[in-house]
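For reference, the structure is listed below as structure tokens.
Laboratory data are not the source of any read-out in this text; all were calculated from the coordinates shown. Please read these numbers as outputs of a predicted model, since none were measured by experiment. With ideal geometry, Cβ positions are generated from the backbone for all residues, glycine too; neighbour counts draw on all protein chains shown.
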Amino acid sequence: MSHPQTKVVRIEESQQQACLSPAQKKFNRLIQKIDAQKKLLATWQETIPQYQQKIASKLMPLHDTLRDQQAKMVMLLDTLYTTQKFAHNQQDKIAHLITSISETLISQHGRDDLKPLYDYYSGQNYDDAALEDNEMTHELLKSMFEQKFGVELDDEEFDFSDLEGTSARLAEKMQEQERRTRESRSKRKKSAKQLAEEAHEQEEEAIVSKSIQAVYRQLVAALHPDRELDPVERERKTELMQKVTVAYGKKDLLQLLELQLSVEQIDQSKINNIADDRLKHYNTILQNQLEELQQEVMQMELSIKGMTGLAPYEHLSPKRLFVLLNEDIRRLQNQISRIQHDLMLFNDVKQFKSWLKGYRIPAPEFDPFF
């Protein structure tokens with residue numbers, strides 16, 4: 001079955017009007033921006049499953065391999081420490097390596113069986129140290145949330161291990177504060193100017209709503225499948241009506257206009273001659289639609305940045321997402337190759353001691369086996 005292709009809605013210059021009005025130019029700009037945001041959103045929606053599939057098939061197996069090799073390294077270092085003679089500075093280096101690798105495996109991979117080794121070589125209890133670190137992190141993050149959003153949170157409302165749930169509770173509190181603020185303002189006596197502005201806003205909202213309804217009703221009148229006797233045509237109109245209903249529910253004026261154009265309910269000349277007063281209301285709808293799309297794209301990108309560890313302000317595109325993933329894959333492959341080489345090297349005690357001679361205990365944020 002053939003379906004009408006989506007046609008681009010755009011006001012074009014004509015012989016009667018060689019130069020577009022400001023409202024017409026704004027209409028075209030908004031259409032262009034909305035189309036760009038829709039394409040970006042569609043690209044993200046297509047990219048994310050591909051990205052997740054590559055993580056599952058490529059990245060996670062490498063993480064598992066690296067974790068296994070790190071565990072082997074801990075056991076080998078422990079065996080060397082307890083069966084060979086080392087100078088005090090060499091023992092300190094081995095203890096640091098065992099502690100660092102064990103801490104990562106325990107905290108990130110649930111290897112609780114390594115806690116005794118961590119406790120022995122670090123000289124402290126892992127659970128006590130983790131509890132202290134968690135309490136400090138909890139207070140720091142809680143303070144940052146409260147300062148940024150101006151909302152106080154009880155300890156039971158804030159859980160840094162469940163930031164999504166905390167964000168939801170935070171949003172509820174902010175909404176509650178806004179509701180109370182609105183109620184407080186509504187109790188105050190409004191000036192004539194404020195009342196006039198509110199009345200004007202309500203009138204504009206009503207006109208905007210009627211503008212969308214008008215397009216919707218025209219489409220319904222032309223496409224209602226119950227009025228069609230031909231089964232093939234009825235099916236076609238049923239599919240189109242479903243698109244119309246979805247677009248109307250989303251207040252997607254652009255999609256409704258595109259459908260009108262596609263089914264030849266309107267032509268280019270009618271689009272070119274939409275009156276400026278109607279364009280004003282159309283532009284209001286399109287501006288709202290653009291802002292909603294931009295917000296949706298931003299939320300999706302923030303979610304992905306959270307998954308990848310990127311800062312909220314960093315640039316991210318679907319293409320760069322895979323570039324970063326490929327970099328992670330290469331990094332893990334290199335780490336695995338390096339630790340496998342070291343595992344073979346350290347089986348020779350003389351070579352291990354030679355390696356230790358050149359090894360320096362790194363700063364806390366860096367370790368050669370991570």
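At a glance:
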quantity: Distance in nm between pseudo-label sites at Q287 and N347 (7 Å out along the Cβ direction from Cα); calculated: 7.3 nm
quantity: Anisotropy class of region 26-82 from Cα gyration tensor, a/c 1.5 cut; calculated: prolate
quantity: Karplus-derived 3J(HN,Hα), 6.51/-1.76/1.60, for each residue of region 118-127, Hz, glycine and proline x; calculated: 4, 4, 5, 7, 8, x, 9, 7, 4, 4
quantity: Members of K58/K357; K173/K243; K115/K350; K173/K305; K33/K319 lying beyond 31 Å, as alpha-carbon distances in this model show; calculated: K58/K357; K173/K243
quantity: J(HN,Hα) series, region 271-285, from Karplus relation 6.51 cos²θ - 1.76 cosθ + 1.60, nearest Hz, glycine and proline x; calculated: 5, 5, 10, 4, 5, 4, 5, 6, 4, 4, 6, 4, 5, 4, 4
quantity: Length released on extending from A311 to A56, taking residue separation times 0.36 nm less the Cα-Cα span; calculated: 89.5 nm
quantity: Efficiency of FRET between K319 and D35 - r from beta-carbon atoms, R0 22 angstrom, step 0.05; calculated: 0.70
quantity: Cα-Cα P(r), region 201-359, percent of pairs per 10 Å interval; calculated: 8, 22, 17, 16, 13, 7, 6, 7, 3, 0
quantity: Region 212-298 - Debye-derived log10 I(q)/I(0), Cα point model, q = 0.10, 0.11, 0.14, 0.27 Å⁻¹; calculated: -0.29, -0.35, -0.55, -1.36
quantity: Phi to ³J(HN,Hα) by Karplus 6.51 cos²θ - 1.76 cosθ + 1.60 over region 340-353, Hz, x for Gly, Pro; calculated: 5, 4, 5, 4, 5, 4, 6, 5, 9, 4, 5, 5, 5, 5
quantity: Cβ-defined net charge surrounding D226, 11 Å radius [Lys, Arg +1; Asp, Glu -1]; calculated: +2
quantity: Calculated diffusion of region 1-121, Stokes-Einstein form, Kirkwood radius summed over Cα pairs, 4 °C and 1.567 mPa s, µm²/s; calculated: 63 µm²/s
quantity: Simple spin-label estimate for K280 and D68 in nanometres, 7 Å along Cα-Cβ; calculated: 7.1 nm
quantity: Computed Kirkwood radius, in angstrom, where 1/r is averaged over Cα pairs of region 285-339; calculated: 13.2 Å
quantity: If the convex hull is drawn through the Cα atoms of region 279-370, its volume per residue in Å³; calculated: 108 Å³
